[in-house]
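**Student:** My questions all concern the structure below.
Bear in mind these aren't lab numbers, they're just calculated from the coordinates by the rules spelled out. Predicted model only: the values in this text are computed from it and were never measured. Cβ atoms come from the backbone with ideal geometry, glycine included; neighbour counts cover every protein chain shown.
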Amino acid sequence: MLAYRDRGAGALQQSPPHQNEVNARVWERMRPQHLYTRGRLRAAERVLFERYHAELSGRVLELGCGGGRITGHLVPLAGSLTGVDVSGQMVACCQRRYAQAHFERRDIRDLSSFQTGSFEAIVAGFSVIDVLDDPQRKRLLDELHRLLTRGGLVIFSSHNLACAPLVRGPLASFSWNPIRSLNRLVRLPRALRNHRRLACLEQVHPDYRILNDVAHDHSMLHYYISRDGQQHQLEQHRFELLECLDLDGSPVPAGADAFGCHELHYAARRVS
């Protein structure tokens, strides 16, 4: 195994944990909370759900259903809805809240039990696909292509590469809001430990970055990609980008970086 140097620790250690493993461990322990259960859609999600109402009226798969924040809006639209999440507590929460849908505890890296062409639409909110590294992300896109019917739709969001320079460590993550700053201060020791452990796993590539951002007290690593980079990636995996929106629901045209918008929303169609 390769050795690496833990920042500040000095001693060489065995190969660090993989990004996918780090993130999976966090999500497996995740419990339902306000962030993942409140029913409000983001502006971009609302626009896309209204615009692609017809596609969402068939068989729909939701990846990373969490506590049902998006689920509650898909249930009345979909002819049938299947939700998957790696957290058993999240799955149980959704099953209690939305008995008319079907939920499974499942890692998005393994969707092999679903038959080819099982869904007319797939939804992956809250940048859930960004927990995967580059090879796994590309495998997932191929798997989504397999699961969709011809012409099927995928709606998802992803971290915006243009905002990578805005990602800061725990000591620079305080807010002008005094209540929020106090909350961050209480959680600062945990955030510092997490960042010290994971910063060595960050990656910088020409087309994407893997960054240890503020999410869950710096306990995760997320994939960042540009709008045009995401379009190219989709085309490589036999999808056509229909549109990209910022968080306010405004179009992000080709060549735009949408600097300041940390998360971009995409709609794409399977083309072959």
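**Student:** How many angstrom separate the Cα center of segment 79-93 from the Cα center of segment 190-223?
**Tutor:** 27 Å
**Student:** Now a separate question. Taking neighbour counts of Cβ atoms within 10 Å as a proxy for exposure, in what order, fewest first, do Cys261, Cys200, Cys94 appear? Numbers along the way, then the final one.
**Tutor:** Details: Cys261 20, Cys200 15, Cys94 29.
Lowest count first: Cys200, Cys261, Cys94.
**Student:** Between Rg and the Kirkwood Rh of segment 186-272, both from Cα atoms, what is the Rg to Rh ratio? Mind showing how you got there, number by number?
**Tutor:** Working: Rg = 15.8 Å, Rh = 14.7 Å.
Here the Rg-to-Rh quotient is 1.07.
**Student:** Just in segment 39-117: which trypsin sites (Lys or Arg not before Pro) are loop by DSSP and have at most 14 other Cβ atoms within 10 Å?
**Tutor:** Numbers: sites: Arg40, Arg42, Arg46, Arg51, Arg59, Arg69, Arg96, Arg97, Arg105, Arg106, Arg109; in loops: Arg40, Arg42, Arg69, Arg106, Arg109.
Hits after loop and neighbour filter: Arg40.
**Student:** Subtract the Cα-Cα distance of His232 and Val271 from 0.36 nm times their separation in residues, and report this length gain in nm to one decimal. Working shown, then result.
**Tutor:** Details: separation 39, 0.36 × 39 = 14.04 nm, distance 1.40 nm.
Computed gain between His232 and Val271 is 12.6 nm.
**Student:** What ranking do Met90, Met220 get, fewest neighbouring Cβ atoms within 10 angstrom at the top?
**Tutor:** Met220, Met90
**Student:** Work out Dmax and Rg for segment 98-242 from the C-alpha atoms and quote the Rg first, both in angstrom.
**Tutor:** 17.8, 51
**Student:** Continuing with the same structure: Say R0 is 25 Å: what FRET efficiency, to the nearest 0.05, do Gln89 and Arg193 get from their beta-carbon distance? Numbers along the way, then the final one.
**Tutor:** Numbers: r = 24 Å, r/R0 = 0.96.
Working from the Cβ atoms, E equals 0.55.
**Student:** Please list, by residue number, everything in segment 106-131 whose backbone N is under 12 Å from a paramagnetic label point 7 Å out along Cα→Cβ of His18.
**Tutor:** 109-110
**Student:** Which percent of Cα pairs goes in each bin when the distances of segment 88-175 are cut into 10 angstrom slices starting at zero?
**Tutor:** 13, 36, 31, 16, 4
**Student:** Using modelled backbone amide H atoms (1.01 Å from N, in-plane), which distant-in-sequence or interchain residues come within less than 5 Å of Leu221's amide H?
**Tutor:** Amide H neighbours of Leu221, under 5 Å, 5+ apart: Asn23.
**Student:** Run the simple label-point estimate for Arg40 and Arg146 please: 7 Å along Cα→C-beta, distance reported in nm.
**Tutor:** Modelled inter-label distance: 3.9 nm.
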